Amino acid sequence: MTLEIVSSNKSFGGWHKRYRHRSSTLNCAMQFAVYLPPQAEQGAKLPVLYWLSGLTCTDENFMHKAGAHRLAAELGLVIVAPDTSPRGEGVPDDPDGAWDFGLGAGFYLNATQEPWARHYRMHDYVVQELPDLIEAHFPVSERRGISGHSMGGHGALVCALRNPGRYQSLSAFAPISNPLNCPWGEKAFSRYLGDDRARWREWDACALLAEATERLPILVDQGDRDDFLPTQLKAEALQAAAEAANHPLTLRLQPGYDHSYYFIASFIDDHLRHHAKALLV
Ligand SMILES: N[C@@H](CCC(=O)N[C@@H](CSC=O)C(=O)NCC(=O)O)C(=O)O
């Protein structure tokens, strides 16, 4: 597993680096970003927070806009941000070029339908291949947290709920809470997974909560002026599913905030501290 460095910038005493590598899971070249806090140069094995971005994003959005480096440097947290889909020559895209499906919209699941199944396996990439790579090449421990925004917020919930024991902390910003029952989810799941809605439940956070065997506390922030809230995000479905399953969820409705990275930047410190509390023990 070789890594090719793409760029390197010093930030808050640590380093923001981007790498390219060949993914055997996704059958294409991928890029990811890593923030290495100053403690990474002092011989310590540090915990890792995996950040999953939303529709239309790459590895760059979070690193550029979330303002996470300052506190990650203070806490000694490594942050890894993968791309949001497979990319490159031969990777199929939405036939109409829509932004909510295909490139930039992998939904962090393993597609079963053609022509998507060969490349669109973002779940296995995020949960297994990428951590294997990170743990082989960087001074990190096996303590992992996961978070994300919108499509990526849902991705974080699903990765943790499907893989008990794999993560020690979990949070999300404005997740697409119940893709079984919203237009973005219905479009993506019908194409990636086929028409049998019973199979969709394996990739829906609300459905997975009902069967969860682990009680990892979840922190969720959601802006109440988020235009996507009533139709796509449906935070109330997540709240209801958590209550029904008696799962520990702190859902904070933040007055006046929208869906943008201004919202994420406003509350990222709370999320980093939530993860650090569980990871730095
Ligand atoms: N079509 C618009 C909107 C796309 C958008 O809002 N993307 C969000 C994630 S939405 C759910 O997954 C996002 O994070 N955008 C990137 C950013 O840096 O804000 C568009 O193309 O902009």
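Summary of computed values
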{"read-out": "Computed lengthening from residue 118 to residue 65, 0.36 nm per intervening residue step minus Cα-Cα distance", "value": "15.9 nm"}
{"read-out": "Residues whose placed amide H lies under 5 Å from that of residue 6, excluding near-sequence neighbours", "value": "18, 19, 20"}
{"read-out": "Centre separation in Å (Cα based) which lies between the range 32-87 and the range 176-254", "value": "24"}
{"read-out": "Residue 44 versus residue 12: modelled label distance in nm, points set 7 Å from Cα along the beta carbon direction", "value": "1.4"}
{"read-out": "For the range 191-281, convex hull volume per residue from C-alpha positions, Å³", "value": "135"}
{"read-out": "For peptides 269-277, 3-11, sequence by mean Cβ density within 10 Å, most packed first", "value": "269-277, 3-11"}
{"read-out": "Most to least packed among 161-174, 218-231 [average Cβ atoms within 10 Å]", "value": "161-174, 218-231"}
{"read-out": "Contour minus Cα-Cα distance for residue 27 and residue 198 (0.36 nm per residue)", "value": "58.8 nm"}
{"read-out": "Debye log10 I(q)/I(0) for the range 3-280, one point scatterer per Cα, at q = 0.14, 0.15, 0.16 Å⁻¹", "value": "-0.94, -1.09, -1.26"}
{"read-out": "Calculated from backbone phi, Karplus (6.51, -1.76, 1.60) coupling profile of the range 262-276 in Hz, x at Gly/Pro", "value": "4, 5, 4, 4, 6, 10, 4, 4, 4, 5, 4, 5, 4, 5, 4"}
{"read-out": "Amide hydrogen neighbours beyond the local backbone of residue 146, cut-off 5 Å, H modeled", "value": "50, 169, 170, 171"}
{"read-out": "Additional length obtainable on full extension of the chain from residue 270 to residue 211, 0.36 nm per residue less Cα span", "value": "18.5 nm"}
{"read-out": "Shape call, the range 106-169: gyration tensor on alpha carbons, a/c limit 1.5", "value": "oblate"}
{"read-out": "Cα centroid separation - the range 1-26 against the range 95-171, whole Å", "value": "17"}
{"read-out": "Calculated from backbone phi, Karplus (6.51, -1.76, 1.60) coupling profile of the range 69-86 in Hz, x at Gly/Pro", "value": "5, 4, 6, 4, 5, 5, 7, x, 10, 7, 10, 10, 10, x, 6, 9, 6, x"}
{"read-out": "Prolate/oblate/rounded call for the range 200-251, Cα gyration tensor, a/c under 1.5 rounded", "value": "oblate"}
{"read-out": "Distance in nm between pseudo-label sites at residue 243 and residue 260 (7 Å out along the Cβ direction from Cα)", "value": "3.3"}
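Bear in mind that the values in this text are calculations on the coordinates, not laboratory data. In this text the structure is predicted, and so the values were computed from the model without any measurement. Please note: Cβ atoms are built from the backbone with ideal geometry, for glycine as well, and neighbour counts cover all protein chains shown.
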